[in-house]
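The next block holds one structure in the form of structure tokens; read it before the comments.
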Amino acid sequence: MPVDGVLGELTAFLDASSTALAFGTTLWAGFLPETTGKAMAVFETGGGPPAHMIGAGGAAWERPDVQLVARSTRPAAGGPASATGVRALIDVGFRALDGIANETLSGTTYLRVAALQSPYLLEIDGRGRQVWAQSFAVARRSRGGARAVLQAADGVFWTLGVSTAGGLVT
């Protein structure tokens, strides 16, 4: 999979988590191609400020947001847009991503991936297809040291490290 960073890591995780999602066929990273079949893409959409190490200048944890966007197949000629299949497809992504905690994906430690809302109808596109979306907050380790004292944007301090088994310890 030629995509790096949070998009590549979460797309690879989704690809491996479900037979309903296959990268390059029904799953994409950073764009949603104009296909007639149902498809889903992962987009990076910003997020919160990084958490920094006290006494050092670098970010210890990144806090990007990502969004899943899923599109239905083309409706029958003259028929209304249908959620058939697209709601089930975005639910696959929802169930796979929401609740990731203390896991290493493609070599990067993820503290948490949490849904910011339930999937929702975003639009009916120009071809009459339903487009659904759902956003997630992500906390993932920055490339850097193994132990840090963190101050989150809300002022809460955390001491985090990585155990020899690869999990987070607080």
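The values are calculated or read from the model by the stated rules, or taken from the named source; none is laboratory data. None of these values were measured; they are calculated from a predicted model. Here the Cβ positions follow ideal geometry from the backbone for every residue, glycine too, while neighbour counts run over all protein chains shown. Surface areas here come from the heavy atoms of the whole protein model, side chains and all, with no ligands, DNA or RNA. Shrake-Rupley method; radii C 1.70, N 1.55, O 1.52, S 1.80 Å.
Before moving on, here are some points about what is shown:
- Subset of region 65-74 (residues that are at pLDDT 90 or above and over 14 Å from G30 (Cα atoms)): R71
- Selected residue (criterion: least open to solvent (accessible area, probe 1.4 Å)) from residues of region 15-48 that are among the charged types (D, E, K, R) and in a loop (DSSP other than H, G, I, E, B): K38
- Qualifying residue in region 51-59 (condition: surrounded by fewer than 15 Cβ atoms within 10 Å (Cβ to Cβ), in contact with a strand residue (DSSP E or B) (Cβ under 8 Å, 6 or more places away or on another chain), within 21 Å of I124 (Cα to Cα) and modelled with pLDDT under 95): no
- Qualifying position, being hydrophobic (A, V, I, L, M, F, W, C) and at pLDDT 85 or above, among A152, A165, A96: A96
- Count of region 89-113 residues which are under 14 Å from F136 (Cα atoms), open to solvent by 70 Å² or more (accessible area, probe 1.4 Å) and touching a strand residue (DSSP E or B) at 6+ places or on another chain (Cβ under 9 Å): 1
- Looking across region 17-50, the residues that are of a type in the set (V, I, T) and at pLDDT below 95 come down to T19, T25, T26, T35, T36, T45.
- Inter-residue pairs, beta-carbon under 7 Å, first over 12 Å from V6 (Cβ atoms) and in region 123-142, second charged (D, E, K, R) and surrounded by fewer than 22 Cβ atoms within 10 Å (Cβ to Cβ), 6+ apart: R127/R74; G128/R74; R129/R74; V131/E123; V131/D125; W132/R87; S135/D65
- Listing of strands (runs of 3 or more DSSP E) fully contained in region 90-135 that carry 3 or more residues being within 19 Å of G46 (Cα to Cα): 108-115
- Residue tally, condition in contact (Cβ under 8 Å) with a residue 12 or more places away in the chain and over 27 Å from R141 (Cα atoms), over region 1-24: 1
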